[in-house]
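Student: First the structure, then my questions, so here it is.
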Amino acid sequence: MEKKKNLIIAAVLFCAVLLMVVSTGLWAAPKLAQSKAKPGDCVACHVDKKVLPETHPDTRSMDMKACRACHTADNMSLTGKFPGSHTHMLSGVSCEACHGRTGQPEEAPMEKCVACHGPTATLAEKTKDVKPTNPHTSPHYGTELDCNLCHKQHAKSENYCAQCHKFDFKTP
């Protein structure tokens with residue numbers, strides 16, 4: 001019982017620290033590193049962190065297509081493994097494409113998301129077979145739920161509906 005209590009306390013403290021780090025902006029990579037990073041050059045931002053195993057191939061010349069050659073849906077899937085900003089950068093989408101040229105970027109508007117990823121009705125059609133329910137259409141919001149509520153670009157994405165429901169699917 002004492003061990004369970006200690007685990008709960010540790011989890012609460014971890015969440016509090018994580019909330020502080022994210023809300024104060026300490027989570028983000030330095031602006032200078034972000035602006036100079038080229039797709040695949042993980043070390044440009046992750047200087048002090050070992051983000052890949054030593055046996056991983058050199059990433060400096062990789063793009064998202066090269067990553068997906070090994071990381072398939074059935075083999076070491078990248079879904080939910082790193083922030084959407086990484087997927088966008090590796091796909092050749094710059095920060096400015098979504099945020100514009102600004103010193104302090106804000107959340108990209110949903111219009112930017114659907115400009116590239118297609119209309120919300122099309123997204124709902126593409127995900128109609130996701131079980132237990134289609135994540136892009138809901139009885140509460142139809143197909144107009146803001147993309148940013150689930151798909152985080154600079155943090156781990158989350159299943160917004162799971163706040164009330166027990167839908168168990170990974171959000172890319």
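Student: Using θ = phi - 60° and the Karplus form 6.51 cos²θ - 1.76 cosθ + 1.60, what ³J(HN,Hα) does each residue of the stretch 117-129 get, whole Hz, x for Gly and Pro?
Tutor: Calculated HN-Hα couplings, in order: 8, x, x, 4, 5, 5, 4, 4, 5, 5, 10, 4, 9 Hz.
Student: While we're on this one: Suppose we look only past 24 Å in the calculated P(r) of the stretch 30-172. What percent of the Cα-Cα pairs does that tail hold?
Tutor: Taking all Cα-Cα pairs of the stretch 30-172, the fraction more than 24 Å apart is 38 percent.
Student: Return the sequence-ordered ³J(HN,Hα) values of the stretch 87-97 in whole Hz as given by the Karplus equation 6.51 cos²θ - 1.76 cosθ + 1.60 applied to θ = phi - 60°, using x for Gly and Pro.
Tutor: 4, 5, 4, 5, 9, x, 8, 7, 4, 5, 4
Student: Viscosity 1.002 mPa s, temperature 20 °C: give me the Stokes-Einstein translational D for the stretch 105-172 in µm²/s, with Rh taken as the Kirkwood radius over C-alpha pairs.
Tutor: Estimated via Stokes-Einstein, D reaches 170 µm²/s.
Student: A further question on this structure: So which of 81/170; 126/166; 128/170; 65/131; 38/65 end up more than 19 Å apart by C-alpha?
Tutor: 126/166; 65/131
Student: Sort 73-80, 52-59 by the packing proxy (mean of other Cβ within 10 Å over each peptide's residues), most packed first.
Tutor: Descending mean neighbour count gives 73-80, 52-59.
Read-outs: derived from the displayed coordinates by stated rules, not from any lab. This structure is a prediction, so every number in the text was calculated from the model and none was measured. Because the Cβ atoms are built from the backbone with ideal geometry, glycine has one as well, and the counts that use them run over all protein chains shown.
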